[in-house]
Every structure is written in C-alpha cells, then in structure tokens.
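Beneath this line is the structure, given in structure tokens, with notes to follow.
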Amino acid sequence: MPLDPTRWEPVIGLEIHVQLKTKTKMFCRCENVWGEAPNTRTCPVCLAHPGTLPVPNRQAIEWAIRLGLALDCEIAPRSLFHRKNYFYPDLPKGYQISQYDSPIATRGRFSVPGPDGDREMGIVRAHLEEDAAKTIHVGGEGGRIHGAGASLVDFNRGGTPLVEIVTEPDVRSAEEARRFLGLLRQTVVELGISDAEMEKGSLRCDANVSVRETGETGYRTKTELKNMNSFKFVADGIDAELARQVELYEDGGEVVQETLHFDPRSGRISPLRSKEQAHDYRYFPEPDLVPVEPSPELVGRLRDELPELPAARIRRLEEEIGFDLALGLVTSGRDELFARVPGDDRRATANVLMNQLAGAGVDPARVNADELAKLIAARDAIPRAAFDEALAASGDEGFTAERYLAEAAITDEGEIDAVIDRILAANEGQVQAYRSGKEGLLGFFVGQVMRETQGKANPKVVNERLRERLRA
Amino acid sequence: MAITREDVLHVARLARLEIPEEEIGRVQEQLSAILEAVGKVSELDLSDVEPTSHPLDVVNAWAEDEPRPSLPQDEALANAPDPEDGHFRVPAVG
C-alpha cells in the first residue's frame, strides 16, 4: 500500500549481514559449511571451552576490506575487535566478538541505479564479527521466538565470519530497499566473498524504519524490523511498517521505538518481547586479539583487484535495452552471457535470457552463446515447445541449435486455416460470444489450435489467421 | 563511583545470575572496591596518552584459512547435560 507521497516520506536505513564463504570460521579453523549434521564442525574455541584463544582468519579480514572498498569506504589503518556481551544460548562465550568504535571500514557510499537515475546511499560502516549458533525452539506455546519451552543448539554456524553493513537512513521506499539489496547481493557474489542467499541466511537484512512529513528535515522515532529472510519479505515488511506508522500519526498517536518482528504469512507486525530488547552490551576491547593494521600495500592491491561493479554495468546496458531489463540481467548475473550472445535484436535477446532461460534454470556460465544466438534468431520459425526444449538444453555439454532448428514450425497458412476451421466449427458457442464482443476468447482459440498441432504452429501466424477468420 | 544495589541487580540480570538477597550487599562492596581501584587511573593527567586496548606491541596476528579437524559430535556433546538429536538442549531464555 503506497503512502501519499505528497504528505509522507519514508526514511529507511538498512543493516545487512553478509556471511563470508571462507573455508574456515572467523576465529578457529573449523570448517565453515552449511547443512552438515549438527555439532560436527566445532572445537574447544567455538564451543568456548575455558582457556582457549581466538585466532582471526586472514582471508576473512581481506574479504571484509574488499567489501569495504567496493562500498567506497575508508579502510581503517587500525581497527579493533570488541566484546559485545549478552547472555543467550547461541553465544557460548557470553559475548560475541564484533567491532565497535573502530570498525574495519567507514564512511562509504553505494550507488543504486533506478528508472530515474542513480541514488547514492551512504554507508556508515562495515565491520567484521562472528555469527551466533543456530537455535531451534521446541515445546512451549506458540513455537517461534515467543513462549518456547527449550532450545536445541547447533554450533556449526557459531563463530563463522560475518560482515555487518550499516547504511545511512537514505533509502526512500520499500522498492528502493529491495533494489539496494539485490545490487548489494550481486556485488558480494561477484566479489567472490559470499553466496549471499537470503533463504540460507547467508544474507540477512534488518531495517530501521521511520516516516516524516514531506519537507520535514529532522528524523522521527524509528522502529527496527528484524529477520526478514527474502527480498519480498523485506519490501512487504517495510511497506507494512510504513503504513502502520502513518496510520498512528494520522490518528494523532506516536511511534514508540521498539524492535519488531514481521510475519510474512499474516503480513502482521508484532513487537519482540521487551526483555529481549533490554540490551546493555557493555562493549570493551577484546583483550585476546591484537589490532588489525592493514598495510597500504595490501589495501592498494585489494583496490586494484576490484571488478567493475554491477551498478556501472546497469548504466551501460540501460541505453541499449532499457532500465528494467538491464537491472534484471545484471542482478541475476546474466549480463555476461548477454554480452556474449551476438545478434541485433538486443531487447529480444535480453527478454529470452530473463524469461525462458531463467525459467529453465540454466546456468548462464555454461551456455554456448553462438548456438543460443542461432536459436533466438529462429524463435518464430520453430514450434514453441521445440524452442523451450532447446533453451533448457542450451547449457548442456556439446549443445547445438541445429537439431531443434530442423523442427520447423508450421507456418503454412493453408495448413493452419484448415485446423482453424475445424476448431471454429466445433466451438460455435464461443465463436458467437467472441463476435458479440468477448474478444478475450482469442486466447482460448489459440490454445485449441496449438493443441491440435501439438504446439508446432507458429503462434504469430495462428493469431493473425484466427483474427481474420473470426472477423468473417 | 559507588555501585548501587540497583547496579548489582541489573548486571546480575544481564548475566542471568541469581544473587541471594543476603549477598547483594557484599557484592556491592566488592564491585565498588574494584571500580575505586581502577578509578585511581583517572587521577593522572592522561590527555596525551593513547588508550591502551592491548598490552602487547603486536598487530596483525592471524592464521591462514586452512581447515583443521573438528571434534566428533559425541565429543562436542560430552559435557552437555541434556543432549537431544545431536544438539545441546538448553532451557529457553526469556
């Protein structure tokens, strides 16, 4: 539900956690893997046995710097780890090793292309920390979060490396938040530092949400929306919270600062229990870890290694195929294949890559671009079924378009007319209805003809001939 | 700065510790004594001294990203009082 933009302006800041795909955890050398049997990737360090000491993962530090550079941040010449103290069973030490007042990267910006040009989103900071263990709540009423009786804890994820990114409150709509996340996701994937899959939790997003009257310059009270685990839920959650706040203000109420949980099934927002918010983290420098001082040479090398970022590629492609297709191709990682596919009808190629090829689940990196180009060029001359089948196979070893192109579509009008006549004769009622104005029935007739010809009729010809015959 | 009874209860709650009523006063005194001792430092003029977060003059101590064997599941759970399905089972924390 969109707000009245002449009255209300959304003010949104995001906190994003990116799980790094290092081979080992942040402070011990247990494997960093997903989906293994519980508590099979643990050691005395990540189980917090007394007397153990953390040793940072050099790769994780380099990747955090790489991400900081991609976000155009300043890389701190000296940064520290801090202990963030809180008591919860997913945190065996009783504290999380994180960063506090001297994070590894600060003051960046991230460019988000939109249909009306770019928006620059300020980045407050990016810092390294260790992830908590995974807990499953069992028993008690209501299950999830509220009123659970006991927790089962799996420490495989405990201690794996995360980068937390905090943005300025520069995001102005749920849709923009979603676009930002899509671009950030693609960026970290291309940096080679994370799988960044929201469903798996390797990319997580919280949103700080407030509204203000259009023209107002200060900020009003914000709420924090937690744990939205898909792009759609992030957008839906923000929209629901914006609507809730506007309704409160318009009814003369006030927004209370609190942490909220969005339930995507019901679309409802509910406060997390106040006790869970009573955080008093008592940060202090982690005495078991020495400062990180990346050399200018290291930072320079990492800067030189940065690839061209998705936003820049979207801007380049936009002129050729329009914003939506450019955004879609780049954020789905298909623009590299798009560039390799020869052919003049760029929009048609982009559409095929975004729709049929994506639908067939083909890995774009495995596609032979020249063979795909032949297919796309011939798409009107072969049956739809053969085209789809060919696309689905286009990532296979040794794929050629030839076999599918041989299956020429029925384009002969006489042959198609004969089928049409049979169909029309068998469906007189629908013909009458169409002629008296129900033109939506055209699709029905097309479907019948396609079925009769086992999908081999050229749909363009079928459409033209049907309209012609039905007019009579 | 003296530690109040409320400070003791607050910190105890954060750590989920239950302090018997008769011990609160003693804990209050001990914590105040510790703070007082550390507070000595603030009697010095330290305006041109960098905060010391670590006593060693060492930076960049880290290890390569090479996996080492983890504990087998039964060893990991050896000290768990109430394991269930390969997990540590703990009371829910409110």
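The charge dipole of chain B, taken about its Cα centre with unit charges on the Cβ atoms of Lys, Arg (+1), Asp and Glu (-1) only, comes to about 280 debye. Dipole check for chain A: with +1 at the C-beta of Lys and Arg, -1 at the C-beta of Asp and Glu, and the Cα centre as origin, the magnitude is about 860 Debye.
Accessible-area loss of 10 Å² or more (1.4 Å probe, protein heavy atoms, chain alone versus all protein chains) is found in segment B:1-49 for B:His10, B:Val11, B:Arg13, B:Leu14, B:Ala15, B:Arg16.
Less than 15 Å Cβ to Cβ from A:Gly333, Lys/Arg counted +1 and Asp/Glu -1: what total charge do the surrounding residues give?
Details: positive: A:Arg185, A:Arg313, A:Arg334, A:Arg340, A:Arg366; negative: A:Glu190, A:Asp195, A:Glu197, A:Glu308, A:Asp335, A:Glu336, A:Asp363.
Result for the local shell: -2.
Can you work out D for chain B in µm² s⁻¹ from Stokes-Einstein, where Rh is the Kirkwood radius over C-alpha pairs, the temperature is 37 °C and the viscosity is 0.692 mPa s? Don't skip to the end; give the middle numbers.
Working: Rh = 18.9 Å.
Calculated translational D: 173 µm²/s.
Hey, what D do you get for segment A:8-294 in µm²/s if you plug the Kirkwood alpha-carbon radius into Stokes-Einstein at 20 °C and 1.002 mPa s?
Details: Rh = 19.9 Å.
In µm²/s, the coefficient is 108.
Think of segment B:18-74 as having a plus end and a minus end, set by charges on the Cβ of Lys, Arg, Asp and Glu; of B:Pro72, B:Ile34, B:Val59, B:Val59 sits farthest toward the positive end of this dipole.
Could you please report the charge total around A:Arg316, scoring K, R as +1 and D, E as -1 over all other residues with beta-carbon less than 11 angstrom from its beta-carbon? Residues near A:Arg316 contribute -3 overall.
Using the Kirkwood radius over Cα pairs, work out the Stokes-Einstein diffusion coefficient for segment A:1-114 at 10 °C and 1.306 mPa s, in µm²/s as a whole number. Let's see the in-between values first.
On the way: Rh = 17.2 Å.
Estimated diffusion coefficient is 92 µm²/s.
Which distance in Å, rounded to a whole number, links the C-alpha centroids of segment A:357-422 and segment A:241-272? Measuring centre to centre over Cα atoms gives 50 Å. Loop-located GluC sites (Glu not before Pro) in segment A:264-357 (DSSP state not H, G, I, E or B) with no more than 13 neighbouring Cβ atoms inside 10 Å: A:Glu305, A:Glu308. Using a probe radius of 1.4 angstrom, the carbon and sulfur fraction of the accessible surface of segment A:1-138 is 53%.
To the nearest 100 Å², how much accessible surface do chains B and A hide from each other in total, with a 1.4 Å probe? Walk me through the numbers on the way to the answer.
Details: alone 9130 and 23250 Å², together 28660 Å².
Summing both chains' loss of accessible area gives about 3700 Å².
Out of the total accessible area of segment A:310-405 (probe 1.4 Å, heavy atoms of protein only), what percent is carbon and sulfur? That fraction is 45 percent. Residues A:Val462, A:Val166, ordered by accessible area of protein heavy atoms at a 1.4 angstrom probe radius and largest first, appear as A:Val166, A:Val462. Summed over all non-identical Cα pairs, the Kirkwood treatment of segment A:413-471 gives a radius of 11.2 Å.
May I ask you to list, by number, the DSSP H helices of chain A whose Cα span along the axis is at least 24 Å and whose average Kyte-Doolittle hydropathy reaches -1.0 or more? Each step should come with its number before you reach the end.
Numbers: long enough: A:174-191 (25 Å, 0.08); A:231-250 (29 Å, 0.02).
Correct list, ordered by number: A:174-191, A:231-250.
With the largest listed first and rounded to whole Å, the semi-axes of the equivalent ellipsoid of the protein assembly as shown from the Cα gyration tensor are 56, 28, 25.
For B:Asp45 and B:Glu75, a Förster radius of 41 Å and the Cβ-Cβ distance give a FRET efficiency of 0.15, rounded to the nearest 0.05.
Electrostatic bookkeeping for B:Ala2 treats Lys and Arg as +1 and Asp and Glu as -1; over the other residues with beta carbon under 12 Å from its beta carbon, the sum is -3.
Which value at 222 nm does the protein assembly as shown reach when only helices count, each DSSP H run of 4 or more adding -39,500 (n - 2.57), with the total divided by all residues and rounded to the nearest 500 deg cm²/dmol? It comes out at -10500 deg cm²/dmol, rounded to the nearest 500. Centre-to-centre, using Cα atoms only, segment A:73-131 and segment A:2-45 are separated by 12 Å. Between the residues A:Gly437, A:Val449, A:Asn427, the greatest Cα displacement towards the positive end of the dipole of segment A:413-471, with unit charges on the Cβ of Lys, Arg, Asp and Glu, is found for A:Gly437.
When ligands, DNA and RNA are left out and all protein chains stay put, how many square angstrom of accessible area per residue does the protein assembly as shown have with a 1.4 Å probe? Display every interim value, and only then the final one.
Details: 28660 Å² over 566 residues.
Roughly 51 Å² per residue, with all protein chains present.
At a 1.4 Å probe, what is the % contribution of carbon and sulfur to the accessible area of segment A:413-471? Don't jump to the answer; show the numbers that get you there.
Working: 1540 of 3440 Å².
That share works out to 45 percent.
An ellipsoid equivalent to segment A:357-472, defined through the eigenvalues of its Cα gyration tensor, has semi-axes of 34, 14, 10 Å when rounded to whole angstrom and sorted largest first.
Measuring spread by the Cα atoms of segment A:301-366 yields a radius of gyration and Dmax of 12.6, 40 Å.
The values are calculated or read from the model by the stated rules, or taken from the named source; none is laboratory data. Quick caveat, the model's predicted, so the values are computed rather than measured. A quick note on method: Cβ atoms are made from the backbone with ideal geometry, for glycine too, and the neighbour counts reach across all protein chains shown. Keep in mind that these areas ignore ligands, DNA and RNA; they rest on the heavy atoms of the full protein, side chains included. Shrake-Rupley method; radii C 1.70, N 1.55, O 1.52, S 1.80 Å.
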